[in-house]
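The values are calculated or read from the model by the stated rules, or taken from the named source; none is laboratory data. The structure presented is a predicted model; accordingly, all values stated were derived computationally and were not measured. Note: ideal-geometry Cβ built from the backbone for every residue, glycine included; neighbour counts use all protein chains shown. Quick note on the areas: whole protein, heavy atoms, side chains included, nothing else; ligands and nucleic acids left out. Shrake-Rupley method; radii C 1.70, N 1.55, O 1.52, S 1.80 Å.
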Amino acid sequence: MKPHQKFSGYVLAALAAAAYGTNPAFAIPLYGDGLNPTSVLLFRYVLSLPMLAAMIAVRGMGFRLKRNEIGPVAILGLLMSLSSLGLFASYEYLNSGIASTLLFIYPIMVAVMMIFIYHEKFKPSLAVCLTLMAAGLMMLMDAGPGAKISTLGVLLVILSSATYAVYIVMVNVSPAIRGIPTTRLLFYIIAWGSLLFIGIIALGTPLTLPKSSANWVNLICLAALPTVLSLWCTTRAIQLIGSTPTAIFGALEPVTAVVLSVVVLNQPLTGSDIIGAALIVAATTIVISARSIDSMLLHVRKLFPRRKQK
């Protein structure tokens, strides 16, 4: 890979993460206006389709998918919509900054899947990451004296993380997916994903509408920033630098979400929240310098050789 392509991949991954972190800033006001998560996500997905269609038309790339591409794209659409639903539903039970930080366990999930499914070597740095991740989650679970953290909210974020991790790995390893232009791929992922929300509403969940023009703007921003921009940059970054580095740059997601939660939504953060978030970010950021950390750990190990048994 050429150096400028690698650099472009890192920039796109960082931009994708920052854009995705804006989700709470646009979603929480919509909840306050009476919208439920399913309705917010349906509007978010449907409003993004004309944007992606316009990008495809301007580039003249066409909308046609090959027969062998339809199935994998449909699976990606289901994974993405489940991930979105888990995260947006968790906002009703957890502080949005904490929910977005908990979501950041997905890079570790990506690394674990690559080890057990694609037989990548288990590295010492990954063990350090998992330890820091567990410590960070314990800090986040400590909501303070007398306070409780919602188990359901945590489970919803874990569902969101797991499905997003599978999505990232699949985009990276599927031969059928790799051959589809990024914008066309996203158009059909969003189209298939929309069907899940339509189905949930058809089964009885009410479709709610914004009551103010300002919240229609929030819906449009949800479609443009954390959907079209973020997912396009994510998919392109995976194609350029791979799934694990792209996932690692997700460190900007909780940073953006936490900052916006405090500045825009006036949501409180405790000292435990800050320390827990920092540990989770540190755990996954270590992967960036995994090679040097692995070398250091191996060097330390050599300083303490095992005694031979008699």
Inset, instruction - At 1.4 Å probe size, with no ligands or nucleic acids counted, give the accessible surface of LEU279 in Å², nearest ten. - result: 40
Legend entry - Rounded to whole Hz, the Karplus (6.51, -1.76, 1.60) HN-Hα couplings of the range 95-108, x for glycine and proline: 3, 5, x, 5, 4, 5, 6, 4, 4, 6, 6, 5, x, 5
Legend entry - Heavy-atom accessible area order for HIS119, HIS4, largest first, 1.4 Å probe: HIS119, HIS4
Inset, instruction - Could you state the accessible area per residue of the range 19-122 in Å², with a 1.4 Å probe and every protein chain left in place? - result: 39
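For the range 1-135, what's the relative contact order in percent, using C-alpha pairs closer than 8 Å and at least 6 residues apart?
Numbers: 31 pairs, mean separation 30.9, N = 135.
Contact order relative to length: 23 percent.
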Legend entry - Translational D in µm²/s for the range 180-220 (Stokes-Einstein at 25 °C, 0.890 mPa s, Kirkwood Rh from C-alpha pairs): 199
Inset, instruction - Round to the nearest 10 and report in Å² the accessible area of PHE116, as given by a 1.4 Å probe over the protein chains' heavy atoms. - result: 150
Inset, instruction - Provide the solvent-accessible area of MET114, counting protein heavy atoms only and rolling a 1.4 Å probe, rounded to the nearest 10 Å². - result: 20
Legend entry - Label-point gap, in nm, between SER150 and CYS221 - each point 7 angstrom along Cα→Cβ: 2.2
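Computed FRET efficiency, Cβ-Cβ of VAL58 and VAL112, R0 30 Å: what is it to the nearest 0.05?
The calculated FRET efficiency here is 0.15.
Could you estimate the translational diffusion coefficient of the range 46-139 from the Stokes-Einstein equation, with Rh from the Kirkwood formula over C-alpha pairs, at 25 °C and 0.890 mPa s, in whole µm²/s?
Here the translational diffusion coefficient equals 145 µm²/s.
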